[in-house]
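Q: Below you will find the structure I want to go over with you.
The values are calculated or read from the model by the stated rules, or taken from the named source; none is laboratory data. This structure is a prediction, so every number in the text was calculated from the model and none was measured. Backbone-built Cβ (ideal geometry, glycine too); neighbour counts: all protein chains shown. SASA here: full protein model, heavy atoms, side chains in, ligands and nucleic acids out. Shrake-Rupley method; radii C 1.70, N 1.55, O 1.52, S 1.80 Å.
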Amino acid sequence: MKKLYSLCLGIALFSMLNSCNKEEKLDVKIENYDTFTSGPLDDWIYKNLTQPYNIEVIYRYQRNMHDINKNIAPTQEDKVIPQMEVVMKAFLDVYAAVGGEMFIKTFTPKQFVLFGSGDYDPDGSVKGGTADGGRRITLYGLNGFDNTNANAVQGNLQVVHHEFTHILNQNRLIPPDYEQVCKGDYLADWTSSKNTTAVARGLGFITPYSRKAVGEDFAEVLSHLIVAGQLFYDNAAYTAGKDAYAKFKLKESIVRDYMTQYYNIDVTQLQLEFQRIMESIYKSTNYTAGLAISNNYLGSLDWDIRNAWGIENTISEKQKVLFTNILDELGGWTTKTMTFQFVSATKAILNITFGDKDRTWTASYDFDIVKNPDNSFKISKSATQGTEGNYGNGALDWVLKDTQPLIDYLGSTTFTMNWKNAEINKNPNDYLQYLIMKDNKDPNATIFGKVNLRKY
Amino acid sequence: MKRIFYLILLVLLAFSCTKPKGVDVLIGDPTERVADTLAYLKKTLVDAPDGWKAYLSTAYSGGYGFYMKFDQDDRMKMIADLTDESSSAVKESTYRIRQIMNATLSFDTYNYITMLEDPNPDVYGGQAGKGMGSDVEFDYIKTVGDSLFFEGRKFKKALVLVKATNTESKEYLNKGYSNAIKSTNEFFTNNQNSYIEVDGLKYQVSINSGTKEVGAMTILPGNKVVSTTTNFYYTLDGFGCAMDSLASFGKANVVSKLKVGKINIVRIGEEDGKYFAIDENNKKYEIKNSIQPLVPLHLLIGSKYVGVYLDYKVLLPGTSTDGTTIINRYFNGLANGTPYYFNCGYFSLQWDKNNNRINLVGATSQSNCNSVWNTTIGYNYTLDEETGIFKLTKRSEAAGGYAAAILDQLDDFLINSSFKLEFVVDGSNVYAKMVGIERPNVQMTFDLF
């Protein structure tokens with residue numbers, strides 16, 4: 001009986017093996033009927049983005065590409081190429097120039113989704129872009145996009161560079177140190193009316209949105225460094241106060257280090273190349289030296305051309321004559337330093353220190369800075385000078401003997417402000433380092449100075 | 001026994017995974033059916049050589065009319081009655097037939113139709129985040145005759161496409177549509193009190209080109225107002241009523257209607273400069289204009305009209321001798337009826353319908369009415385809606401100016417005699433006449449404002 005039982009069990013088990021064995025051939029075609037006929041626009045995308053970068057651009061409306069609870073309008077066809085050209089020139093090409101073709105081909109988002117209108121949230125805010133899964137960037141609001149408006153282009157690129165940072169972070173994690181800088185100050189409810197820009201900056205965040213999460217913070221720092229620029233970032237850091245300044249700069253150094261360590265990309269070169277594209281193609285004036293002065297972004301100019309930088313760079317004859325007069329000696333004393341310090345967008349102080357090995361005095365002069373409609377600057381000695389001893393020193397006959405020629409010269413002309421030209425792979429370290437004041441009357445005369453930003 | 005149970009269990013288990021075949025012989029392979037519908041839809045759209053007349057309804061802003069022409073290569077041309085530009089300039093974009101839950105017609109790049117969906121209020125004035133409550137994706141529902149019926153995927157509003165003729169297509173593409181829209185609007189602007197007569201009753205027909213709604217209104221005995229409205233869209237000779245949704249699909253809901261008494265108007269059409277309302281049996285009703293509004297004045301005062309007034313020394317037709325006396329007491333008294341000398345003045349009665357109040361305002365001036373002082377007397381009123389009789393009681397005495405003394409006769413009449421209001425038509429002018437009830441000899445005609 002036991003044998004019979006075992007036999008039955010054996011047969012049963014064997015039949016079980018076969019019971020779920022499906023051998024029918026799969027004869028159902030699985031076809032994707034969601035196709036479309038491509039046109040010239042699709043050919044352009046294929047040629048410029050799909051073939052070189054394996055990027056797909058979805059510009060024809062697909063509801064599943066956005067929050068299905070929202071109403072979002074489709075893209076105007078004639079906005080697609082202007083938008084993607086901006087992406088190519090000021091994002092793909094910038095990274096390709098600095099990080100190499102291989103880098104950008106590997107890490108670029110593989111899908112760009114475009115929508116015509118913004119993504120309206122019930123709280124009234126309108127979203128401009130999102131990034132998903134290390135792969136896709138969605139850009140909204142294309143129908144209002146104007147590629148001849150440099151500020152609109154810059155705003156658009158802020159989104160692209162921000163979202164791309166997420167993709168980099170999805171490939172290489174954010175260093176744990178980063179989170180420690182502002183630990184405890186991240187805020188899920190970042191749209192709260194209490195989270196103003198001033199509050200966020202005071203805590204060490206570049207924007208209120210940065211407080212949402214560490215990843216957003218990181219992306220905001222990198223995208224602001226590139227798109228808004230170094231001076232914008234440093235100004236935000238300085239004006240936020242001493243504690244915040246340290247956090248801003250620490251975050252910046254972690255971000256820069258991250259880009260170098262993991263991707264071998266120098267953020268300064270990105271800034272440089274991005275700015276070049278914005279100025280040459282989109283006629284942006286947001287990065288000019290003149291604007292830096294008008295925005296009071298600069299701290300002071302080192303005018304002591306005896307320093308190493310004065311020897312490495314070409315100093316005009318005019319500057320040599322005027323400055324050497326002061327720097328060689330001052331009434332028998334040794335001239336120690338000479339700086340032109342910006343106090344505001346319209347005020348500056350020329351400080352000259354002199355003395356011997358034991359003693360130092362300062363001679364000071366107040367200057368008015370006036371910006372002319374043609375973007376040139378008038379720099380003239382203020383009618384009323386300060387009353388402190390420094391100004392008394394400046395008024396001494398034997399000091400004025402050497403300084404008066406410079407003071408007279410500055411007031412006699414107008415200047416156009418320029419940065420010393422810097423190029424990637426050549427002299428990136430000169431980026432934003434030197435301000436050259438170009439005399440509008442004498443084309444050979446320039447005043448060269450090394451920029452020192454405000455610090456704590 | 002136990003073992004037999006095990007055995008049976010195992011045998012049953014052996015057969016437990018048998019599956020029926022996936023394809024239903026009667027309905028067919030689902031994949032093929034889908035492909036079929038998609039191909040049918042695309043072929044039908046493209047094979048109309050003269051394109052399609054189309055209309056849709058929106059959730060928040062009436063109906064809209066279109067002309068659409070579809071090409072094989074996913075490109076289409078469109079004309080629409082949204083703006084002057086959209087009704088005269090052809091706009092091209094892409095479209096796509098997709099399989100989503102149904103075969104779906106997707107307007108997948110920007111064209112006039114997507115302006116209705118745009119959540120940006122600056123584009124066409126829709127609500128932020130919602131637009132006009134319209135779609136860019138429409139599920140195919142059915143074909144009836146030469147019409148295709150679709151339903152918006154999100155807002156569930158109807159989109160109907162009707163095959164256009166060659167003549168129609170030429171008109172649409174050559175500004176015929178914008179001209180037709182202009183003439184239709186002009187007709188209703190020039191004929192403020194347009195009406196049709198059905199079964200002896202006059203129905204006022206009015207359009208609101210902003211909300212894209214057409215309404216019919218009549219007054220039944222007892223001054224009961226009956227009104228209906230529906231969405232409309234412009235056509236090449238007037239407009240059509242736009243079906244709101246296909247919810248009643250299956251009940252042969254092929255056309256949309258404006259219910260007017262016992263008949264249903266489906267469209268308005270022009271013929272030799274005259275406009276006709278056409279019902280579902282193709283019966284025509286000429287749209288005529290009445291100089292005076294069809295609704296009694298007492299229902300309109302305080303809403304359509306703020307009130308009545310008379311300018312300095314104006315007497316209007318219909319004013320009786322006793323009425324003239326009261327009016328002239330004011331106008332003639334300006335010079336010598338008060339302690340002051342005035343060289344100009346006028347007076348008005350202003351209705352505040354919400355609070356059942358009327359203000360009598362007498363204006364006096366020493367600068368030929370360039371600047372005036374106002375004297376206001378306040379009244380409460382009751383209105384018998386059936387007979388249209390106003391009865392007033394004093395709420396506040398004359399205040400704020402210098403005209404109290406010369407408003408005395410008017411004030412006396414208003415307090416001591418109830419009155420009714422009638423329209424007076426003089427040429428193309430419409431006036432309001434106040435007729436005393438207790439003092440029927442007092443009849444005064446005013447301007448309306």
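Q: Defining a contact as two alpha carbons under 8 Å apart and six or more residues distant in sequence, what relative contact order in percent does chain A show? Kindly include the intermediate steps, with their values, before the conclusion.
A: Working: 717 pairs, mean separation 47.0, N = 456.
Dividing the mean separation by the residue count of chain A yields 10 percent.
Q: For B:Glu186 paired with B:Phe449, estimate the spin-label separation in nm (one decimal), with each label point 7 Å from Cα along the Cα-to-Cβ line.
A: According to this spin-label approximation, the distance is 3.2 nm.
Q: A further question follows. Hey, what's the Kirkwood Rh for segment A:246-317 if you take every pair of different alpha carbons, in angstrom? Please list the in-between numbers first.
A: Numbers: mean 1/r = 0.0650 Å⁻¹.
Radius from the Kirkwood sum: 15.4 Å.
Q: Here is a follow-up. Express in Å², to the nearest 10, the accessible area of B:Ile79 obtained by rolling a 1.4 Å probe over the protein heavy atoms while all chains stay in place.
A: 0
Q: Can you pull the three principal axis extents for the Cα set of segment B:297-448, in Å, largest first?
A: Projected onto the principal axes, the Cα atoms of segment B:297-448 cover 44, 36, 27 Å.
Q: Still on this structure: In whole Å, what is the distance between the alpha-carbon centres of segment A:80-114 and segment B:334-384?
A: Their Cα centres are 74 Å away from one another.
Q: Given a cut-off of under 8 Å on Cα pairs at least six residues apart, what relative contact order in percent is computed for segment A:40-289? The partial results should precede the final answer.
A: On the way: 370 pairs, mean separation 43.4, N = 250.
Relative contact order comes out at 17 percent.
Q: Limiting things to C-alpha atoms, what are the Rg and the maximum Cα-Cα separation (Dmax) for chain B, in angstroms?
A: Radius of gyration, then largest Cα-Cα span, for chain B: 32.5, 128 Å.
Q: Using only the alpha-carbon atoms, how far is helix A:150-171 inclined from the longest principal axis of chain A? Give it as 0 to 90 degrees, nearest 10.
A: Around 60 degrees separate the two axes.
Q: With every protein chain kept in the model, how would you rank A:Lys378, A:Lys251, A:Lys47 by accessible area, 1.4 Å probe, largest at the top? If you can, show how the numbers build up before the last one.
A: Values: A:Lys378 65, A:Lys251 0, A:Lys47 135 Å².
Largest accessible area first, the residues go A:Lys47, A:Lys378, A:Lys251.
Q: Give or take rounding to whole Å, what are the principal axis extents of the alpha carbon atoms in segment B:370-411, in descending order?
A: Principal axes ranked by extent give 41, 22, 16 Å for the Cα atoms.
Q: Using a simple charge model, +1 on the beta-carbon of Lys and Arg, -1 on the beta-carbon of Asp and Glu, nothing else, what dipole does the protein assembly as shown show about its Cα centre, in debye to the nearest 20? List each step's numbers first, then the result.
A: On the way: 94 positive and 103 negative charges, 473 e Å.
For this selection, approximately 2280 debye.
Q: Roughly how many percent of the accessible protein surface of segment B:49-99 is carbon and sulfur, given a 1.4 Å probe and a whole-percent answer?
A: Numbers: 640 of 1520 Å².
Heavy-atom surface of segment B:49-99 belonging to carbon and sulfur, 1.4 Å probe: 42 percent.
Q: Let me test this: with uniform point scatterers at the alpha carbons of segment A:341-456, what is the Debye-based log₁₀ I(q)/I(0) at q = 0.13, 0.16, 0.19 1/Å?
A: Ignoring solvent entirely, the Cα scatterers give -0.62, -0.89, -1.15.
Q: Further question on the same structure: Please compute, for peptide B:106-114, the average count of beta-carbon atoms on other protein chains lying within 10 Å of each residue's beta-carbon. Provide the component values of the computation, followed by the final result.
A: On the way: counts 7, 3, 9, 13, 12, 3, 0, 1, 8.
Mean partner shielding for this stretch: 6.
Q: What quantity of accessible surface, computed with a 1.4 Å probe and excluding non-protein components, is buried in total between chains B and A, in Å² to the nearest 100? Each step should come with its number before you reach the end.
A: Working: alone 22620 and 23240 Å², together 42460 Å².
Buried area between the two chains comes out at roughly 3400 Å².
Q: Multiply the residue separation of B:Lys313 and B:Lys284 by 0.36 nm, subtract the distance between their alpha-carbon atoms, and state the gained length in nm to one decimal. Before the final figure, lay out each step's value.
A: Details: separation 29, 0.36 × 29 = 10.44 nm, distance 4.80 nm.
Stretched fully, the B:Lys313-B:Lys284 segment lengthens by 5.6 nm.
Q: Still on this structure, I have one more. Considering only protein heavy atoms, what is the solvent-accessible area of A:Asp177 at a probe of 1.4 Å, reported in Å² to the nearest 10?
A: For A:Asp177, solvent-accessible area is about 100 Å².
Q: Tell me the per residue accessible area of the protein assembly as shown using a 1.4 Å probe; a whole number in Å² is fine. If you can, show how the numbers build up before the last one.
A: Details: 42460 Å² over 905 residues.
Using a 1.4 Å probe on heavy atoms only, each residue of the protein assembly as shown averages 47 Å².
Q: Over the Cα atoms of segment B:118-173, each weighted equally, I'd like the Debye log10 I(q)/I(0) at q = 0.17 Å⁻¹, rounded to two decimals.
A: Debye output, listed in q order: -0.72.
Q: Which three extents, in whole angstrom, do the alpha-carbon atoms of the protein assembly as shown cover along their principal axes, largest first?
A: Sorted largest first, the three principal extents are 128, 116, 64 Å.
Q: So how do B:Asp146, A:Asp439, A:Asp356 rank on accessible area, 1.4 Å probe, biggest first, that is with the largest at the start?
A: Numbers: B:Asp146 80, A:Asp439 5, A:Asp356 45 Å².
The ranking, largest first, comes out as B:Asp146, A:Asp356, A:Asp439.
Q: To make sure I understand the rule: partners must be lysines, Cα under 28 Å from the Cα of B:Lys2, and not fewer than 8 residues away in the same chain. Which ones qualify?
A: B:Lys2 reaches A:Lys2, A:Lys3.
Q: Return the calculated 222 nm mean residue ellipticity for the protein assembly as shown, to the nearest 500 deg cm²/dmol, obtained by summing -39500 (n - 2.57) across DSSP H runs with n ≥ 4 and dividing by the residue count.
A: The per-residue figure over the protein assembly as shown is -9000 deg cm²/dmol.
Q: Tell me, what is the percent relative contact order of chain B, built from C-alpha pairs under 8 Å that lie six or more residues apart? List each step's numbers first, then the result.
A: Working: 940 pairs, mean separation 42.9, N = 449.
Relative CO of chain B lands at 10 percent.
Q: Based on Cβ point charges of +1 for Lys and Arg and -1 for Asp and Glu, what charge dipole magnitude is obtained for chain A about its Cα centre, in debye rounded to the nearest 20?
A: Details: 47 positive and 53 negative charges, 172 e Å.
Roughly 820 debye for chain A.
Q: Okay, moving on. If I build a Gaussian network model for chain B, linking alpha-carbon pairs within less than 10 angstrom, which residue out of B:Lys91, B:Lys394, B:Lys433 has the largest mean-square fluctuation?
A: Sorting by GNM fluctuation, first place goes to B:Lys394.
Q: So which lysines pass the test for A:Lys47, namely a Cα distance under 21 Å, with those fewer than 8 places away in the same chain ruled out?
A: Reachable lysines: A:Lys79, A:Lys89, A:Lys105, A:Lys110.
Q: Please compute P(r) over all alpha-carbon pairs of chain A, binned at 10 Å starting from zero, and give each bin as a whole-number percent.
A: Distribution as computed: 4, 16, 23, 20, 14, 10, 6, 3, 2, 1, 1, 1, 0, 0 percent.
Q: Given just the C-alpha atoms of segment A:40-289, how large is their convex hull per residue in cubic angstrom?
A: Per residue, the Cα convex hull of segment A:40-289 comes to 123 Å³.
Q: So which aspartates and glutamates can A:Lys127 reach, going by Cα to Cα under 19 Å and dropping same-chain residues fewer than 8 places off?
A: Of all the aspartates and glutamates, those that pass the test against A:Lys127 - Cα under 19 Å, at least 8 places apart if same chain - are A:Asp67, A:Asp119, A:Asp146, A:Glu163, A:Asp189, A:Glu216, A:Asp217, A:Glu220, B:Glu117, B:Asp118, B:Asp122.
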